[in-house]
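Notes to accompany the following structure.
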Amino acid sequence: MSQRQAAQTAGEGGASFFDGDVHVLTVRIYYEDTDAGGVVYYANYLKFAERARSAMLRLGGWENGRLSRGDYPGQEEGVAFVMRHVSVDYRRSAMLDDLLQVRTRVRRVGGATLEMAQVVLRGDEILAEAVAKLGCVSAVTLKPARIPEKMRAELSARLAD
């Protein structure tokens with residue numbers, strides 16, 4: 001899907017779709033996302049990345065709320081994903097009214113860990129790149145827990161080359 005098609009689909013942002021093995025979330029920049037000069041505040045890129053990861057899981061059939069309650073068949077306990085490490089390379093600033101794409105791909109799936117690479121784009125211009133390392137924990141004890149087997153298999157099938 002082209003940036004223009006995504007913009008038409010998204011309207012004000014929020015379109016969520018897969019482009020091959022890459023998940024794409026469109027994000028419209030509103031005044032609340034910016035500083036007084038109309039430049040996106042740096043920490044908001046982390047919010048956009050979080051939304052994109054959640055949207056990717058949801059579109060893949062895995063809702064965070066249901067995961068935490070243990071609602072999926074074969075799931076032994078409720079689990080949640082916590083941020084273990086994130087690194088961000090900021091390259092350019094997004095501005096008020098921009099329509100961005102947050103592209104997310106799975107880089108690694110372990111027994112209790114996920115690693116995802118994310119790129120924030122305005123058209124073809126890279127604004128920020130991030131790598132998120134997530135840990136799976138029990139929703140009750142917050143101790144490490146295995147990613148549900150079916151989810152692990154489905155995420156592994158999306159691994160980037």
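The values are calculated or read from the model by the stated rules, or taken from the named source; none is laboratory data. Fair warning: this is a prediction, and the values are worked out from it, not measured in the lab. Cβ: placed from backbone, ideal geometry, glycine included. Neighbour counts: every protein chain shown.
Quick notes on this structure:
- Residue list for the stretch 127-142, restricted to those being touching a strand residue (DSSP E or B) at 6+ places or on another chain (Cβ under 6 Å) and part of a strand (DSSP E or B): Leu127, Ala128, Glu129, Ala130, Val131, Ala132, Lys133, Leu134, Gly135, Cys136, Val137
- Some residue of the stretch 88-96 being loosely packed, with under 14 Cβ neighbours inside 10 Å, of a type outside the set (Phe, Trp, Tyr), closer than 28 Å to Tyr42 by Cβ and at pLDDT below 95: no
- Subset of the stretch 6-29 (residues that are over 17 Å from Leu59 (Cβ atoms) and at pLDDT below 95): Ala7, Gln8, Gly11, Glu12
- Residue in the stretch 111-123 that is in a loop (DSSP other than H, G, I, E, B), within 18 Å of His85 (Cβ to Cβ) and touching a strand residue (DSSP E or B) at 6+ places or on another chain (Cβ under 9 Å) present: yes
- If only residues of the stretch 138-161 that are surrounded by 19 or more Cβ atoms within 10 Å (Cβ to Cβ) and more than 16 Å from the chain's Cα centre (by Cα) are counted, the one that is farthest from Gly65 (Cα to Cα) is Ala145.
- Pairs, first under 30 Å from Leu142 (Cβ atoms) and of a type in the set (D, E, K, R) in the stretch 95-114, second at pLDDT below 95 and surrounded by fewer than 15 Cβ atoms within 10 Å (Cβ to Cβ), C-beta under 8 Å, six or more apart: Arg105/Asp21; Arg105/Ala160; Arg107/Leu159; Arg107/Ala160; Arg108/Leu159
- Residue list for the stretch 39-94, filter: part of a loop (DSSP other than H, G, I, E, B), touching a residue at least 12 places away in the same chain (Cβ under 8 Å) and of a type in the set (Gly, Ala, Ser): Gly60, Gly61, Gly70, Gly74, Gly78, Ser93, Ala94
- Among the candidates Gly60, Gly74, Gly78, residue that is surrounded by fewer than 15 Cβ atoms within 10 Å (Cβ to Cβ) and of a type outside the set (Val, Ile, Thr): Gly74
- Of all residues in the stretch 126-148, none satisfies the criterion of being among the hydroxyl-bearing types (Ser, Thr, Tyr) and at positive phi.
- One residue from Ala139, Ala145 being aliphatic (A, V, I, L, M) and in contact with a Gly (Cβ under 6 Å, 6 or more places away or on another chain): Ala139
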